[in-house]
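> One structure, pasted below without further comment.
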Amino acid sequence: MLKKNIRLRREYLNKREHQKEYVEKSLKKVKLNESYDLGKKLPTELYKEESSLRKELALDDKNTLIPRSMVDDEYNMEFYKEPSILMTTSRSPSSRLTQFSKEMSLIFPNSARINRGALHINDLIQMAQKQGVTDMILLHEHRGEPDGIIISHLPYGPTIHLGLFNTVLRHDLKGKLDTVSLAYPHLIFQGFTTPLGERVTKILKHLFPIPKAESKRVIVFANQNDIISFRHYNYEKPDHKTVDLNEIGPVSYTHLTLPTIYSV
């Protein structure tokens, strides 16, 4: 397992090093393909490379022909398989953090929650990789209040740390709450227009499988003044003009200016 990880990491770093060359070559193949499809004259800069590019072009399809960045490659296979999430907490969690982790495991479909115990983070990563887990989530606290969440996409990242505040658990909400449906939720991202916001959106949306159209469950990530609010609803449509939202929790907030994103 260790040798395999070393080999995969070496391949990944080598690919990052040659990213510029790869993109330039991919753009040349796109130009060559357009010339063939439209019957145009070949660009003069491609005359010498036409033979080699044509051989490679015959092996490409519409997905591999498009030049991709390393950011794209982190999630390029996620459309072919559903995410699988391993969730745990910091050591010796309080009862409130334990309850929060239980509620968060209901938020993320296909997630498995385990007790941290004395496990080191390296042990957790190795266990997750052996089980084919795509993402790992670590929840932590300060004086009994959940104050952070770490999300790591396996095996190469990215890893993001989000600081939480004003967290409200389901049992803190007043009134009778609906049970949490196991249906895959629809996602709404509002206000994530900057490059950082788009990066955070990509990390979060790939934690959820594609929902069915008839799903009545909605999760909202709304960014306003660099503060992200997380809300969880069930909805009903009494008629074609009305939508009734029923909040089922939990509720939390994080600063968009605070996320720290790491990548290999």
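> So if I check each of ALA222, ALA213, which one is closer than 26 Å to VAL243 by Cα and either open to solvent by 50 Å² or more (accessible area, probe 1.4 Å) or not in a strand (DSSP E or B) (or both)?
After ruling out the rest, the residue left standing is ALA213.
> Separate question: I'm told PRO155 meets every condition in (1) in contact with a Lys or Arg (Cβ under 9 Å, 6 or more places away or on another chain); (2) modelled with pLDDT of 90 or more; (3) not aromatic (Phe, Trp, Tyr) except one. Can you identify the failing condition by its number?
(2)
> While we're on this one: In region 167-179, is there at least one residue being surrounded by 18 or more Cβ atoms within 10 Å (Cβ to Cβ), part of a helix (DSSP H, G or I) and touching an Asp or Glu at 6+ places or on another chain (Cβ under 8 Å)? Walk me through it before giving the result.
If we filter region 167-179 for residues that are surrounded by 18 or more Cβ atoms within 10 Å (Cβ to Cβ), which is where we start, we get 167, 170.
Narrowing further to those that are part of a helix (DSSP H, G or I): 170.
Next, from what is left, pick out any that are touching an Asp or Glu at 6+ places or on another chain (Cβ under 8 Å): 170.
The answer is yes, given that some residue of region 167-179 is surrounded by 18 or more Cβ atoms within 10 Å (Cβ to Cβ), part of a helix (DSSP H, G or I) and touching an Asp or Glu at 6+ places or on another chain (Cβ under 8 Å).
> Can you tell me which residue among ILE203, ILE248, ILE160 is touching a His at 6+ places or on another chain (Cβ under 6 Å) and open to solvent by less than 50 Å² (accessible area, probe 1.4 Å)?
Unique residue meeting the criteria: ILE248.
> Of the numbered conditions (1) of a type outside the set (Ser, Thr, Tyr); (2) in contact with a Ser or Thr (Cβ under 7 Å, 6 or more places away or on another chain); (3) farther than 20 Å from SER229 by Cα, GLN129 satisfies every one except a single condition; which is it?
That leaves (2) as the condition not met.
> List the number of the failed condition for SER229; all other conditions in (1) open to solvent by 30 Å² or more (accessible area, probe 1.4 Å); (2) over 17 Å from the mean Cα position of the chain (by Cα); (3) at pLDDT 90 or above; (4) not basic (Lys, Arg) hold.
(1)
The values are calculated or read from the model by the stated rules, or taken from the named source; none is laboratory data. All values derive from a computational prediction rather than experimental measurement. Cβ coordinates were reconstructed from backbone atoms using ideal geometry, including for glycine residues, and neighbour counts include every protein chain displayed. Calculation scope for accessible area: heavy atoms of the full protein, side chains included, ligands and nucleic acids excluded. Shrake-Rupley method; radii C 1.70, N 1.55, O 1.52, S 1.80 Å.
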